[in-house]
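The values are calculated or read from the model by the stated rules, or taken from the named source; none is laboratory data. Bear in mind that the values here come from a model prediction, so they are computed numbers and not experimental data. Note that we place each Cβ from the backbone using ideal geometry, even for glycine, and neighbour counts take in every protein chain shown. Heads up: the accessible areas ignore ligands, DNA and RNA and are worked out on the full protein's heavy atoms, side chains in. Shrake-Rupley method; radii C 1.70, N 1.55, O 1.52, S 1.80 Å.
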Amino acid sequence: MTETIVLRVSNLSKSYGGVQAVNAVSFSLASGELLALIGPNGAGKTTCFNLLNGQIAADSGSTEFEGRSLIGLKPRQIWRLGVGRTFQITATFASMTVRENVQTALLNFHGRLNSLVSLAERLYVDEAIELLARVGIAEQAARPCAVLAYGDLKRVELAIALANRPRLLLMDEPTAGMAPRERAALMRLTAELARASAIAVLFTEHDMDVVFAHADRVIVLNRGCIIAEGKPAEVRANREVQQVYLGSGSLFGAEHA
Amino acid sequence: MQYAPSRLGRGNALPGTPQQKSIEPHLSLSAFLVQLLNGLASASSLFLVAAGLSIIFGVTRIVNFAHGSLYMLGTYIAYSLVKVFGGGMLGFWGGVLCAGIAVGLFGALVERLLLRRLYHAPELLQLLATFALVLIIRDFALWTWGAEDLLGPRAPGLGGAIDIAGRQFPEYDLLLIALGPLVLGLLWLLLTRTRWGTLVRAATEDREMAGALGVNQAWLFTSVFALGSFLAGLGGAIQIPREPAVLTMDLTILSDVFVVVVVGGMGSIPGAFLAAVIIGVLKAMCIGIGIGNVSALGIDFSFSKLTLVVEFIVMAVVLVIRPWGLLGRQQSIPRGAASVEPPLYLPPPALLKGLAAALLMLALLPLFSDRYTLVLLTDILVFALFAVSLHFIMGPAGMHSFGHAAYFGLGAYAAALLFKHAVPMEAALLLAPLVGGLGALVFGWFCVRLSGVYLAMLTLAFAQIAWSVVYQWDAFTGGSNGLVGIWPANWLASKTAFYYLALALCAGGVILLWRIVFSPFGYALRAGRDSPLRADAIGIDVRRQQWLGFALAGVLAGLAGAVHAFSKGSISPDTLSIPRSVDGLVMVLMGGIQTLTGAVAGAALFTWLQDSIARQTEFWRALLGGIILFLVLAFPQGIAGFIRERWDARKDAE
Amino acid sequence: MESVSHGKSRSESNEDDVNLREKHMIARRAFLLGTVTLAMAAIFSDPAAAQGTIKIGEMNSYKVFPAFLEPYKKGWELALDEINAAGGVLGRKLEVVSRDDGGNPGEAVRVAEELLSRENVAFLVGTFPSHVGLAVADFAKQKKVLFIAAEPLTDKIVWQNGNKYTFRLRPSTYMQTAMLIPEAVKLKKKRWAIVYPNYEYGQSATAAFKELLKKAQPDVEFVAEQAPALGKIEAGAVAQALADAKPDAIFSSLFGADLTKFVREGQTRGLFKDRVVFNLLAGEPEYLDPLKEDTPAGWYVTGYPWQSINTPEHKKFLAAYQKKYKDYPRLGSIVGYATLKTAAEAIRKATSLDQEKLVAAMKGLQVDTPIGRITFRALDHQATMGAYVGRLGVKDGKGVMSSFSFADGAKFLPADDAVRKMRPAE
Ligand SMILES: Nc1ncnc2c1ncn2[C@@H]1O[C@H](COP(=O)(O)OP(=O)(O)OP(=O)(O)O)[C@@H](O)[C@H]1O
Ligand SMILES: [Mg+2]
C-alpha cells in the first residue's frame, strides 16, 4: 500500500474563554490508515473533529486535506471535497426513513438536491440500499429513523457518511451506545471498508479493546495537548498515558473487567 | 355658503405651499426632556405587560396570544372595582391591585384547565388555544361591560400636574415612571433571591434540566402563568386614569408587547425593560419632532406618522443585528417528544384516489350548486393555497412565520397595481406572484438567519413594515382605503368561470407545493429542519435552502393574493395585516401542522366557520373561539392529523 | 364509529386493552366531531325564506365598531317596525337580512354576494369603515345593484370613486369639516395646530380644513401637525408636542378612544387652557358620552344633542326609540333609522325592485328623518343630511352640546362644477 498522506494537521488550536480545548495539535493521516484519537472526557477530541470538518473555526494552525487547506471552509464545502463525518450524539433526519436519510446524502452527492419535480424517494434507491447493506441494516431501510435503536442509528450515520465516497472519515465515538460485540463488529467493518476503499479514518473511542484491536496508530489527547503518539502497543506502554488514564481507569479494558 | 375644494383626500399639502414653511422640527432641549419623560411613562406600563409575557414564554415556551386580553381584562376589572370601592386612596389602589390579582388567578385557571393539556401537543398548538381565548375574552368583555368606552377616574391625589421645564407634567405619569424600575427591581429580587426564582431561571435556561432537578413542573408552570397574568392585569389596571377601557385594546397592546419582549430577548426581564424604554422614548421623540422636511423625497413627512410602525422597525433592526434580542440568549432547543417531527410518507394510492375524487367533485360542482357556494369556495381555494404556502415553510422547512400575509398582500397589490396601470388581467395574474416571491426573497434573506420565535417575529416585523408603507402611500397604493375596480377580464366575469380559474390556479399551486415536499428540494428542507448539523455535514447549505423555500412560499402566497384581488374587485391594507397572517396560522394549526393536507382542511373549516357563524349569532367571535378550543382539545394533532390517525388505526385493525 | 363495539372480546392482553381504549378515544372524538357538524348544519341551514316580503340586504362591521353600530342596528330595527306597522311598501312587508362584514373589504364583498345570490335581497345598505364602503360601492357598480352607504364618511365614495349605483346618507368628512369653518373663521385665530388619526378620514378632514380656512382667512398659519396611528395615540406626547408649537387654536378629527385619551392628557397638561379647540364628531354621543365630567367645555364640535332637539319629528322619534329600547338614541340610531326609511322610500318611489328604476328613484329622493328632510342629490348621490354644530358643556357630570345650531348639509357642499370635475362620468 502506498503511503499517501490524506490529512495533515499542524499546530491546530482552539480555546473557549480560558479553556484551551485544543492546543497545538499536529498529526497526519495516510489513506487506508485507521488513526484513533483517544483521551479522557473533555480532552478535546470532539473539538478536534469540529475543527477538522469546519464546524468551528480554529484560532490558529492549519489543516490540509489532500494538499488543500481546509481553513475557512464550511462543513458543507469540506464534505464536497470528500470528507465524511459521524457525530458523537447521532444526528440523523428523524422524519425520514433510514433509506431516505441515505438517499438525501446521495441526492446531494449527485447534485440533484435542487430538483423540484422528481420524487426523491425513487432516486438512488439501489445505491442507498447497498450502503445500508454494507453497514448491516438494509433490513431496517423502511423504518423511520425516529424509532431506531441507538446502535442502529450509529450505523445509519456511517452509511450517510459513506454516501459521498469519502477519502477521509471522521468518526466521533462511532460505537458509543452499542453492545460490546456490536462495537467490535462495527469497527471491524469500518476497518475493512477503510482498507478496501483506501479511506483514511480518524476516530475516537472509549473502548480500548476496540482501539487496540483495529487502530493502526493512536494519538492520546489530554487537556487539548497530544501527550503520546504511536503504535497501539507503544501508547499502551507509555507512562504518562497510563497516569492520565488512571483516573478514569479505562485504558486497560477496565470497563469489561 | 359654498366652498370649492380644488384638491381633496390627501393629508399632506403640496410641498412648498406657504403654510408648510412655518412647520419645522421644533424640539428644544426642555421639550426633549419632557418628551423623554413621556416616553418613560409609556414604557412603564408596556414593561409590566411585557415582563409577564417574557416570564411565561421563558418557562413554558408558550407564545401567549391572550396576553393582550389579560391586559384588557385588567383595565376593565379595575374600572369596575374602583367604581365599587370608590375613588379614594384605598379604593383606587385597592381596586387596581385586586384587578391585577383577579387577572392573575384567571391566568392560573387558564393554565390549569386548558394549557396544561397541551404541553405535549405539537409546537405552537398552545398559540392556537390562546388565540381562541382572545376571541372569547373579547366577547366576554363586550357582554359584561358593553360596547361603550369606559374612562376611569383620575388617581386620588395624583390627578394634577406639576411644572417641569415650564410645562405641565401629570403627577400620575411621574408615578408610572417610578413604577417601571420598581417592578423591575422586585422581579429581580424575586428571581434571584428566592428558591422559586431560581427554579424559574433554571427552567428558562433549560427546561429538561429543571425537570431533571425534580422541580414540580406543573406547579411551577401554573405559578409562572399566574405571575405573568398578574403583571399583565396590573399593567392594564394602572392605565385607567390614562386611557379608557376599550374592546380593541387587547390586540393594540399585544403587538407592542411582543415587540418589546423580542427586542429585549425572550425570557430576559431587564431586556424587556430596556426595550420598553427604547420604544416608549422613540415614539415620544417621533411625536416631539413633529413634522420634518424630508427633502430627498420632495415631500413633507410627519414623523408622528412613524409611530405607526416605529417599534417594528426597531425590532427588525435589532433582530438583524442581534438574532436573540438585546439581552437574550440563544434558545435551548426543546428536545421533548413534541419537537420530533413524524415521518412523512408519499400518500398511499387510496389517499391519492380520494384527492382526485375531491378534485373531480370540485370541478363538477358548478353544475349543481348555487352561485354563492362558488363564491365561498373561491375564497376557500384562495385561503387553502395561502395556508398551504404557509405550511410549506412552517412544516417541512420548520420556519414559523407570523407575517405570511405580507406575501399574500404583495401579490394582491402587485396584481391590482399592474392592472390599474393597464397591464391585462391575465398578465397581472402571472406577474403578481413574482412580486410576492421577490418580497419573500428580500425579507427571507434576513429571516432565515434566525430561528424559532425570533424568526417568526422578524417575519411579523417585515409584514408590518410592508403594511405601513401600503397603508400610508396614498398616491400609489390608495393608502388606508386601498384600491377598487380590480375586476377580472370579461371571459372570467361569471362566478363559474372565475371559480374554475381559482380552482386551476389554487389547486395547481397546492399540488405543486405538495409535490415539492416530496422532491429532493423538499427533502433538503426537511433535512435542514430535522438536523441542521447533519444537513450541513452532508453538504446541504441549509440557509440557502430555507431562503429559496421561503421565496417559493412567497410566490404561491402571492398567487393566492392575486387571485383574491380579482375575486373581490378591491383590496385594502387588510390583505397584509397581522390578522390576515394570524388567520393563516390558525388554519394551519387547526388542520394539523404535521400533515400536508391539514392546511387545506384548516382553511376550509376556518373560512366556512367564519362565514356561517358570523351570520347566525351576535357573539359569533366567542362561538368561533369555543369551537377552536374544542378542536384543540379534542384533536391536538389537527383535523387532518386526526383523520390520518383514525385511518391508521383502522388499517392496523385489519 | 361502531367499529369499536365489535372489538375482540376474548383478548385480555394489556396491549389490546390499550388499543381498545385508544380506539374508544378516537371514536369518541369522531362522534363529537360528527355531532358538532350535524348540530351546526342544523343551526346554520338557511331559514325558510319568508314569502312575499321584500328583502333588504344590510351589512356592517358590528363586531369591530360595536359602540356605534349597536345603536345603529336599533335605529333600523325601529324604522323597520314602523314601516311594517304602516303596511310595508308596495303592499309587501319589508325584511332586513343583516350580516356582519367583519370590517374587512374582502369579507364584505363575499357577504354582499351572499345577500344577493342566496338571500335574493333587493339591494344593499350599510357599511361603516371607508375602505369597506368603497369596496362594496365598487362591487355594487360591477353588479349593477343599488347600494346605500349608511355610515362611511369618505368623500371619495360619492366623488372620486362615485358611481351610478352608490348613494351615501351621512354628511361626509368634507361636509362636516365645512360646517365648522364659519365658526373657525369668525374667531380669527392665526396659529393653528392640527391632530388627526392617521388614515383617510383624518387626512381628508385635515386637508379640507386647511384648504377651506386658508381660503377664508389667508393669513392663517398651521404650526403643528400630529398624525397618531388610529387607536394608538400616545396622548401625553402628542398633547405636549402640540402645546410646544404654541398654537392659538387646535383642529382635531380624533374620535373614540384616541379622543378620550387626548382630552384627559390635554386637560391635565393645560393644553386647552386659553385655546380654542375644534373637534369633528366629538359631539356625537358615541364619542362624547365616555368623557363624562372630563368633557372639555367650550369645544366647537359637530354632533347630535339628542336631549335638546325640539323639532316635532325628532321628539316623535325619541319617544318611540326610548319606548322600545329604554335607552336614548345615539347618532348611529339616527343613521340606521334614516337608512331604512330611505330604502323604503326608494322602493315606494320606484314602485319596483328593478335596479335601474331604483337608482332613478334614488336621484333626488326626499326622505324625512328625525333631523329633518334630506334629499339625495342627483348630481353626486350625496344626501343633504345635516349635523348639529355647537359647543360642548358639562351637565350633571355628563357631556352635552350646550349651545348648538343645525347645519343643513345642502349648504356645505362644493360648487356643482367642482363636484362634476371630481366625479367620474357614468
Ligand atoms: N462550545 C463550547 N464552549 C465552551 N467550552 C467548550 C465548548 N465545547 C467544548 N468545550 C470545552 O472544551 C473542552 C473539550 O471538549 P470536547 O467536547 O472536545 O471533549 P471530548 O474530548 O470530546 O470529551 P468527551 O469524551 O466527553 O466527548 C471541554 O473542557 C469542554 O468543556
Ligand atoms: Mg467528545
Does B:Pro532 satisfy being over 29 Å from B:Ser468 (Cα atoms) and more than 8 Å from every other protein chain (Cβ to nearest Cβ)?
yes
Would you check which residues across segment C:227-255 are in contact with a Leu (Cβ under 9 Å, 6 or more places away or on another chain), more than 15 Å from C:Phe272 (Cβ to Cβ) and either at the interface with chain B (Cβ under 7 Å from one of its Cβ atoms) or among the basic types (Lys, Arg) (or both) and list them?
C:Ala227, C:Pro228, C:Ala229, C:Lys232
I need the helices (runs of 4 or more DSSP H) fully contained in segment B:339-427, keeping only those with at least 3 residues that are surrounded by 15 or more Cβ atoms within 10 Å (Cβ to Cβ), at pLDDT 90 or above and more than 14 Å from chain A (Cβ to nearest Cβ).
B:371-394, B:405-420
Which pairs turn up if I take residues in segment A:166-182 that are within 14 Å of chain B (Cβ to nearest Cβ) and look for partners that are more than 13 Å from ligand 1 (Cβ to nearest atom) and aromatic (Phe, Trp, Tyr) with beta carbon separation below 7 Å, at least 6 apart in sequence or on another chain?
A:Leu168/A:Phe65
Regarding segment B:216-223, can at least one residue be identified that is buried (at least 21 other Cβ atoms within 10 Å of the Cβ) and away from chain C (no Cβ under 14 Å)?
yes
Could you count how many residues in segment C:81-118 are more than 8 Å from chain B (Cβ to nearest Cβ) and open to solvent by 20 Å² or more (accessible area, probe 1.4 Å)?
14
For residues that are of a type in the set (S, T, N, Q) and either open to solvent by less than 30 Å² (accessible area, probe 1.4 Å) or touching a residue at least 12 places away in the same chain (Cβ under 8 Å) (or both), scanning just segment B:452-494, find the one that is farthest from the other protein chains (Cβ to nearest Cβ).
B:Thr459
Confirm whether A:Ile160 is within 14 Å of chain B (Cβ to nearest Cβ), crowded, with 21+ Cβ neighbours inside 10 Å and more than 16 Å from ligand 2 (Cβ to nearest atom).
yes
Run A:Leu73 past the list (1) among the hydrophobic types (A, V, I, L, M, F, W, C); (2) more than 16 Å from ligand 1 (Cβ to nearest atom); (3) under 25 Å from A:Leu131 (Cα atoms) and report the number of the one that doesn't hold.
(3)
Determine whether segment A:12-29 contains at least one residue that is over 14 Å from the mean Cα position of the chain (by Cα), within 11 Å of A:Leu202 (Cβ to Cβ) and either more than 14 Å from ligand 2 (Cβ to nearest atom) or not in a loop (DSSP other than H, G, I, E, B) (or both).
yes
Of the residues in segment A:130-157, how many are surrounded by 16 or more Cβ atoms within 10 Å (Cβ to Cβ) and among the acidic types (Asp, Glu)?
2
Testing C:Ala235 on (1) touching a residue at least 60 places away in the same chain (Cβ under 8 Å); (2) more than 25 Å from C:Met175 (Cα to Cα), one condition comes back false. Which one is that?
(1)
Which ranges mark the strands (runs of 3 or more DSSP E) fully within segment C:143-260 that have 2 or more residues being among the small types (Gly, Ala, Ser)?
C:249-252
Counting just the residues of segment A:1-11 that are of a type in the set (Ser, Thr, Tyr) and farther than 15 Å from A:Val201 by Cβ, which one comes out nearest to ligand 1 (Cβ to nearest atom)?
A:Ser10
When segment A:55-90 is examined, which residues are found to be at pLDDT below 90 and open to solvent by less than 40 Å² (accessible area, probe 1.4 Å)?
A:Thr90
Can you name every residue in segment A:30-72 that is of a type in the set (Gly, Ala, Ser) and either closer than 16 Å to A:Phe87 by Cα or under 17 Å from the mean Cα position of the chain (by Cα) (or both)?
A:Ala30, A:Ser31, A:Gly32, A:Ala36, A:Gly39, A:Gly42, A:Ala43, A:Gly44, A:Gly54
Among the residues in segment C:303-314, are any closer than 27 Å to C:Tyr196 by Cβ, buried (at least 18 other Cβ atoms within 10 Å of the Cβ) and not aromatic (Phe, Trp, Tyr)?
yes
So is A:Thr90 touching a residue at least 60 places away in the same chain (Cβ under 8 Å), within 16 Å of ligand 2 (Cβ to nearest atom) and in a loop (DSSP other than H, G, I, E, B) or not?
yes
Of all the residues that make up segment A:22-43, how many are modelled with pLDDT of 90 or more, within 9 Å of ligand 1 (Cβ to nearest atom) and either in contact with a Phe, Trp or Tyr (Cβ under 8 Å, 6 or more places away or on another chain) or open to solvent by 10 Å² or more (accessible area, probe 1.4 Å) (or both)?
1
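Yes/no per residue for (1) within 16 Å of ligand 1 (Cβ to nearest atom); (2) assigned to a strand (DSSP E or B):
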{"residue": "A:Asp152", "(1), (2)": "no, no"}
{"residue": "A:Val156", "(1), (2)": "no, no"}
{"residue": "A:Ala161", "(1), (2)": "no, no"}
{"residue": "A:Asn164", "(1), (2)": "no, no"}
{"residue": "A:Leu169", "(1), (2)": "no, yes"}
{"residue": "A:Glu173", "(1), (2)": "yes, no"}
{"residue": "A:Ala176", "(1), (2)": "yes, no"}
{"residue": "A:Ala184", "(1), (2)": "no, no"}
A:Asn101: in contact with a helix residue (DSSP H, G or I) (Cβ under 7 Å, 6 or more places away or on another chain), open to solvent by less than 60 Å² (accessible area, probe 1.4 Å) and within 16 Å of ligand 1 (Cβ to nearest atom), yes or no?
no
Give the residues of segment A:44-79 that are more than 16 Å from ligand 2 (Cβ to nearest atom), of a type outside the set (A, V, I, L, M) and without any contact (Cβ under 8 Å) to a residue 24 or more places away in the chain, sorted by residue number.
A:Gly67, A:Arg68, A:Ser69, A:Gly72, A:Lys74, A:Pro75, A:Arg76, A:Gln77
So which residues in segment C:183-200 are more than 7 Å from every other protein chain (Cβ to nearest Cβ) and open to solvent by 10 Å² or more (accessible area, probe 1.4 Å), if there are any at all?
C:Glu183, C:Val185, C:Lys186, C:Leu187, C:Lys188, C:Lys189, C:Lys190, C:Arg191
